[in-house]
Every structure is written in structure tokens, then in C-alpha cells.
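Some notes on the structure that comes next.
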Amino acid sequence: GLKVVVDEDHRAPVVVQQIWYKAGSMDESNGTTGVAHVLEPMMFKGTHAVPVGEFSKRIAAAGGRENAFTSNDYTAYFQQLHKSKLPLAMQLEADRMHNLNLSAAEFGKEIKVIMEERRWRTDDQAAGLMQEKMMAAIYLEHPYHHPVIGWMSDLQAMTVADAQTWYTRWYAPNNATLVIAGDVKAAEVFALAQRYYGKIPKRALPARRAWTEPMQIGIKRMVVKAPAELPQLVMNYHAPTLQNPAAESQPYALEVLAGILSGNDSARLNKHLVRDQQIASAANAGYDSAARGPALFSLEATPSTGKTVAELEAAIRAEIALLVKDGVTADELQRVKAQVLAGEVYKLDSTFYRAMQIGQMESIGLGYHAIPLMLEKIQAVTASQVQQAARDILQDDTLTIAVLEPQ
């Protein structure tokens, strides 16, 4: 049941192995938030064949580097090393897919580290605290409501049995995608995958709930008070994610809209708010169409010295109104498309990034075949589509405004 994708790149004698599990914080239950992230470092704590800490030592001894990350949508583990060491990386990764030795002693040490990580990244960081409070306000039902690192009360109550349950439930070959990129031949990789992963039995996976978020029916406002030097304004609008890459147009128009508003010196927010009006010291727009759950179109800005958050919000609203009324120019459209194309070309120069892109697209259900198609579709976006997307999405009824008030 394991899906294996190989990306051959013969420019240098290196290889990247990434294993992606379709299990992130959105698959957690109330009471055990953070367990996906907790299991990630526990995967380095040894199996019956590989003692605690030995996984990282063996990769390092082979001249490689390795790490892992957890998101709302998935958890991934990777190694980058000389192509001759791919069998070693596969052997180690396949071993911990089904032979992990979860001990209460190691769990007890690791959970303390994670609670401390939560303190310094979220509780004691104004930006992290604001992000967490904001997401909890934006999503009422969807599990994006919960932070990836988990709520502190859940971490304090978590046991090694919770981590074992999560591992048993989701860490199976039929819930994973193996991506191998680098100086390899596909046929040889498939044979190696069969050798190391092929003997691991598939497992019945739990039914996943198809989460929806009820329609927001009015603007939400919140103030977060935290130690900080400068105030901040964040405006988040509910937005669609990409479901059918070939048939849809609005998500691509929103990607272009974000580029027109921010991204370089000639983008609208930077040109008008930062340079011309000097009402903001920084202003950015962001949108990501690729996710398992719902998306947001975000506008973030910091007021200049002597300017208020209210003045800044009014200026941003004026920019939106102007764009909705008059649309965008052909020059703006061409600039953003060229930017997107150049950005993708630079990214694709990295073997590691290409593997990342494949793994992400497979894990959220769009598939790696959509990658070139999405680039084509962005190049086909029209000015009227961008204007219509702004009109449809940037509406107060779907807006949550968060203000960081420095203490």
C-alpha cells in the first residue's frame, strides 16, 4: 500500500529520502492535541534493532543530515546523503515505521522538552501567541482551531499510551508516501523500496471525518495583549483551497492577487502604504491554496511610528476598495506571473525542494501531476479574474481582525 515516487536528478551524487504520513494535527481528538508533534521526536528514540539515539548517529556517520516536521496536514521525515547510502536510510526508516519502541522513560523526558518549546515559541512570544489565539477564533469547528504543538493542558495530561495509539493508528505503509529524489534510477529505487518496505503489512485505517467550517456571518475582532515593541494588525479572510487543479480558477487568481499586493518593492501595499503614505513600516499579503483543510487570505501590517492601528486598517481597506473598483493593470499581472515563474524555477533547482513539493501534493490529495498544471494555470489568470476574486473573497462577513497590543 506504500506509494513510491522517484524524481531522477543526476547533477550531483546525492539522494533525498522523505517519508510522508497523512497524519497531522487536524487528525487529532480533543484532549490529545499535540500528539502528532509529540510522536515526531519519539520516532528517533529507537526500535528493537536500533537503540535510542542510534538512528541520527548512523545517518551522521554516513555523512548525511536528517530531520522531521509536523504540520496541520501531515508529518514527514527526511534524510539527505550520498547516493550509495540510500539502502541504509531506507533500512532505518522502514524499521521505525513498524518497530518503534516507545518507552515511558523516554516519553517523560521528551514531553518536558516539548512543553518548554511551547513556552518559548508561543506563550512567551507575542507573534506566536497572537497566531494561536487568532486561529482559535477563526475556526469554530475545523481542527485547524488547535495549535500543532497542542494546548498546554493536553500536553500535561498526555501519556506514552496516547503516543502509542497515534503511532499504531496512522504509521502504516498504506498511509504514507515515499519520495526519493536525486542521482538514482527509478527501477533500482523501486526494488530497494520493495526490499525494505515491502514486508511491512498494511493496516486498516480509521475513517476520517470530512470536516467543514460553518459559514462566518459577520466580522470578528480580537485584541491580544503581550510584551512586544510594536503593534501589529492581521486581517484574515476565509478562502477556498484547491480541490480540482484542472477545473478551478479562483485559487490561482488569489495567488496572483497576493503577489500584486505584496512580494516586492513595486507591489501595492509596499508602494502605497510603506513608501508613499508612510502609514506602515511593513505590509504583506499571503495565501496558500494547497492544504487538506480550508484556507485564509491574510493581510499583515505594522503601523509606522506615530500612526495608529485604526489608521492602518482604514488605509488597507482603501487599497482593497480601489482594487475591487478599478481592477489590476496588465503590467502588474505580467510582473507577478514572471515572479511566480522565476520563483518556481529557482525552487526546482533544489532536489530537496522538489521532493518536498511532491510529498506535500501527494499528502494533501492533489498528486504530484498537478505541480506543472498549477504553474500553467497561474500563467493563464486574467485581470478580470483577479478583480472578481478580490470582490468575492475580501468581504467583511468572512473577516477576522486581530490586533497585537504591546504591553
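Calculated translational diffusion coefficient of segment 15-76 (37 °C, 0.692 mPa s; Stokes-Einstein with Kirkwood radius over alpha-carbon pairs) equals 254 µm²/s.
What FRET efficiency do you get for THR159 and ARG391 if R0 is 35 Å and r is their Cβ-Cβ distance, rounded to the nearest 0.05?
On the way: r = 50 Å, r/R0 = 1.44.
Calculated transfer efficiency: 0.10.
Residues in segment 152-162 carry Karplus couplings, in order, of 4, 5, 5, 5, 5, 8, 6, 10, 4, 5, 5 Hz; the curve used is 6.51 cos²θ - 1.76 cosθ + 1.60 with θ = phi - 60°, and Gly or Pro positions show x.
Spin-label model, HIS369/ALA383: points 7 Å from Cα along the beta carbon direction are separated by 3.6 nm.
For the chain, what's the relative contact order in percent, using C-alpha pairs closer than 8 Å and at least 6 residues apart? Before the final figure, lay out the partial values.
On the way: 731 pairs, mean separation 94.1, N = 407.
Averaging sequence separation for qualifying contacts and normalising by length gives 23 percent for the chain.
Largest first, the three principal axis extents of the alpha carbons in segment 106-162 are 35, 25, 13 Å in whole numbers.
With +1 on the Cβ of every Lys and Arg and -1 on the Cβ of every Asp and Glu, and nothing else charged, how large is the dipole of the chain about its Cα centre, in debye rounded to the nearest 20?
Working: 40 positive and 45 negative charges, 200 e Å.
The dipole magnitude comes to about 960 debye.
Count the net charge of all other residues whose Cβ sits under 14 Å from the Cβ of PRO227, scoring Lys and Arg as +1 and Asp and Glu as -1. Charge balance near PRO227 sits at -2. Only protein heavy atoms count here; under a 1.4 Å probe, TYR287 has an accessible surface of about 30 Å². Rounded to 0.05, the FRET efficiency of the MET152 and PHE69 pair, given R0 = 25 Å and the Cβ-Cβ distance, is 0.75. For the set ASP331, ASP154, ASP396, the ranking by accessible area, highest first and with no ligand, DNA or RNA atoms included, is ASP331, ASP396, ASP154 under a 1.4 Å probe. Going toward the positive end of the dipole of the chain, with +1 on Lys and Arg Cβ and -1 on Asp and Glu Cβ, which of TYR197, THR241, TYR368 do you reach last? Among TYR197, THR241, TYR368, the one farthest towards the positive end of the dipole of the chain is TYR197.
Which sequence of TRP20, TRP211 reflects their accessible areas, 1.4 Å probe, from the largest down?
Correct descending sequence by accessible area is TRP211, TRP20.
Run lengths n ≥ 4 of DSSP H only: what is the helix-derived mean residue ellipticity at 222 nm for the chain, with -39500 (n - 2.57) per run over all residues, to the nearest 500?
It lands at -13000 deg cm²/dmol.
Length available on full extension from ILE219 to THR308: 0.36 nm per residue minus the Cα-Cα distance, which gives 30.0 nm.
Put +1 on the Cβ of each Lys and Arg and -1 on the Cβ of each Asp and Glu in segment 151-254; which of ALA186, VAL224, ALA161 then has its Cα farthest toward the positive end of the dipole? The residue sitting farthest along the positive end of the dipole is ALA161. Given their separation in residues at 0.36 nm each and the Cα-Cα distance between them, ALA246 and GLU116 gain 42.4 nm when the chain is fully extended.
Rg and Dmax over the alpha-carbon atoms of segment 162-247 stand at 22.4, 57 Å.
What FRET efficiency, computed as 1/(1 + (r/R0)^6) with R0 = 22 Å and r the Cβ-Cβ distance, is obtained for ALA60 and SER84, rounded to the nearest 0.05? Working shown, then result.
Numbers: r = 16 Å, r/R0 = 0.72.
Calculated value: 0.90.
What full-extension length gain, to one decimal in nm, is calculated for ALA207 and ASP326 as 0.36 nm per residue of separation minus the Cα-Cα distance? Numbers along the way, then the final one.
Details: separation 119, 0.36 × 119 = 42.84 nm, distance 4.73 nm.
Computed gain between ALA207 and ASP326 is 38.1 nm.
Near ASN30, once Lys and Arg are set to +1 and Asp and Glu to -1 for all other residues with Cβ below 12 Å from its Cβ, the sum equals -3. Computed from the Cα positions only, the extents of segment 286-407 along the three principal axes stand at 47, 39, 28 Å, in decreasing order.
Measuring against 23 Å, Cα to Cα, the residue pairs LYS22/LYS83; LYS45/LYS85; LYS22/LYS185; LYS57/LYS347; LYS220/LYS271; LYS3/LYS45 contain LYS22/LYS83; LYS22/LYS185; LYS57/LYS347; LYS220/LYS271; LYS3/LYS45 as the ones spanning a longer distance. Stokes-Einstein diffusion for segment 1-156, with the hydrodynamic radius set to the Kirkwood value over Cα pairs and evaluated at 20 °C in a medium of 1.002 mPa s, equals 125 µm²/s. Computed on segment 239-324, the Cα convex hull volume stands at 93 Å³ per residue.
Amide H contacts of ASP9 (H built 1.01 Å from N, in plane; Pro and chain starts excluded): GLY182, ASP183, VAL184 sit under 5 Å, all sequence-distant by 5 or more or on other chains.
Relative to its Kirkwood radius, the Cα radius of gyration of segment 182-340 gives an Rg/Rh of 1.13.
Its Cα gyration tensor gives segment 196-236 an equivalent ellipsoid. The semi-axes, each the square root of 5 times an eigenvalue, are 44, 21, 8 Å from largest down.
Taking a sphere under 9 Å around the Cβ of THR177 and counting the other residues whose Cβ falls inside, with K and R at +1 and D and E at -1, yields a net charge of +1. Counting Cα-Cα pairs of the chain in 20 Å increments starting at 0 gives whole-percent bin shares of 24, 53, 22, 0. For ALA282, the residues whose amide H sits under 5 Å from its own are THR302, ignoring neighbours fewer than 5 places away on the same chain, with H placed 1.01 Å from N. Between the residues LEU299, GLN18, LEU88, the greatest Cα displacement towards the positive end of the dipole of the chain, with unit charges on the Cβ of Lys, Arg, Asp and Glu, is found for LEU88. Magnitude of the charge dipole for segment 281-407, about its Cα centre and with charges confined to Cβ atoms of Lys, Arg (+1) and Asp, Glu (-1), is about 300 debye.
The values are calculated or read from the model by the stated rules, or taken from the named source; none is laboratory data. Please read all numbers here as calculations on a predicted model, not as lab measurements. Methodologically, a virtual Cβ is constructed for each residue, glycine included, from the backbone with ideal geometry; neighbour enumeration extends over all protein chains shown. To get the accessible areas, we keep the full protein, side chains included, count just its heavy atoms, and leave off ligands, DNA and RNA. Shrake-Rupley method; radii C 1.70, N 1.55, O 1.52, S 1.80 Å.
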